[in-house]
1. How far apart, in nm, are two points set 7 Å out from the Cα along the Cα-to-Cβ line at Ala195 and at Ala154?
2. Would you kindly state how much longer the chain becomes between Thr317 and Arg45 on full extension, computed as 0.36 nm times their sequence separation minus their alpha carbon distance, in nm to one decimal?
3. Show me, for region 210-227, the HN-Hα J-couplings you get by feeding each phi into the Karplus relation (A = 6.51, B = -1.76, C = 1.60, θ = phi - 60°), rounded to Hz, glycine and proline as x.
4. Please find the FRET efficiency linking Asp228 to Arg270, where r is the Cβ-Cβ separation and R0 is fixed at 30 Å, and quote it to the nearest 0.05.
5. Using DSSP, restrict attention to beta bridges with both residues in region 135-316 and report what percent are antiparallel, rounded to the nearest 5.
6. Would you mind telling me which residue in Gly143, Gly57, Gly194 has the biggest mean-square fluctuation in a Gaussian network model of the chain, where springs connect alpha carbons within a distance under 10 angstrom?
7. Which whole-Hz ³J(HN,Hα) couplings does region 134-145 yield from phi under the Karplus relation 6.51 cos²θ - 1.76 cosθ + 1.60, θ = phi - 60°, glycine and proline marked x?
8. Which FRET efficiency value, to the nearest 0.05, do you get for Asn26 and Asp253 by plugging their Cβ-Cβ distance into 1/(1 + (r/R0)^6) with R0 = 35 Å?
Amino acid sequence: MTRERVMGWDIGGAHLKAAVLEGADNLRVHMEPCPLWKGVPELTRAMGRILERTGSGVAHAVTMTGELVDHFPDRAQGVRAIVQAVRERLAEEAEPLFFARDGGLLDAEGVLEAPEEVASANWRATAQAVARSCPSALLVDIGSTTSDLVPLRAGSVAAAGDSDAARLRAGELLYTGAVRTPVMALGDRVPVAGAWVPLAAEWFATTADVHRLRGVLPEGADLGPTADGAAADREGSARRLARMVGNDAEAGDPAPWERLAEYLAEMQLRDLLDAAYLVEGRLGLDRDAPVVGAGVGRFLASAMAERLGRPYRDFKTLVAPGAYKAGPDPADCAPAVSLAVLAKGAFE
């Protein structure tokens, strides 16, 4: 099949991201909320909203992590349900291909027979695309929920693990992100007014509140509801963080909660740095290899580069540079953009 327009889909548990690459110099990026834990119809509706903007005549390639949501009893059934939903929604288009963890593309029948081959493989799409122009690097993709740390060496992906379980053990996958991570997951206690105070073991606030108060959360990064269902603004974030330490935020005095946000961000950064030292030490990564930042939380990747004494590169300067035309920043949707770039050759 030959198509001039190739669309890469990244189906997550909370967001649906897509990138349409037309020719070599026209890239348009799309992102929609998609709370897949509520059921497969959420995916169908989110795909419909994107397809209304992209039109027909597109070749489709798909990667996913959404099979992990607890709507599905296990990952295999999740993969099969997502594949079936995608095929039905794209019935009038050509059959989609699915990105496999070995870096290849499978048709739907192949995926239905071996669903483990495509489960949670989106990180490898990003890594393969980055390795084409940055052969030695530490790729750090910090999304809303998780962080991927992928070493690249000699133009190849040098990861120790290829499944979620193996990558968690290797420090290459962390369940910490810039938006949806509960604050209680960042540590046990924080300093407040000169005393150590335990964090409440409740979903009172998330990392979106932390980074919003710090003024670094990108516009459009937080598409879901807040922990308390109230406004996603600085006042609301201060109120939610204060609740984590048994307090109420006083109107007109955000300073204590801004300071708390800085400390919580430092706690999150420490976890990421611990993983980075583990990963780079295992491989013996060259000292001049950069940190390549991707994801809505790549401001943390930039901070990691500074602490690690490494140069920093942004994903969008490496993958399809100059092609971006519209939509969210391509680095915010790195797996979708990467898959569009990688799959283009398969459709030519």
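Every read-out reported here was derived from the displayed coordinates using simple, explicitly stated rules and does not represent laboratory data. This one's a predicted model, so the numbers in the text were calculated from it and none came from an experiment. So basically every Cβ, Gly included, is an ideal-geometry build from the backbone, and we count neighbours across all protein chains shown.
1. Result: 5.9 nm between the two label points.
2. So the extension gain works out to 94.7 nm.
3. Per-residue couplings from phi come out as 4, 7, 5, 5, 7, x, 10, 6, x, 4, x, 6, 9, 9, x, x, 6, 4 Hz.
4. Efficiency computed from Cβ-Cβ geometry: 0.65.
5. The answer is about 70 percent antiparallel.
6. Most flexible of the set in this elastic network: Gly194.
7. Values, residue by residue: 9, x, 10, 5, 10, 6, 10, 10, 10, x, 6, 10 Hz.
8. About 0.10, to the nearest 0.05.
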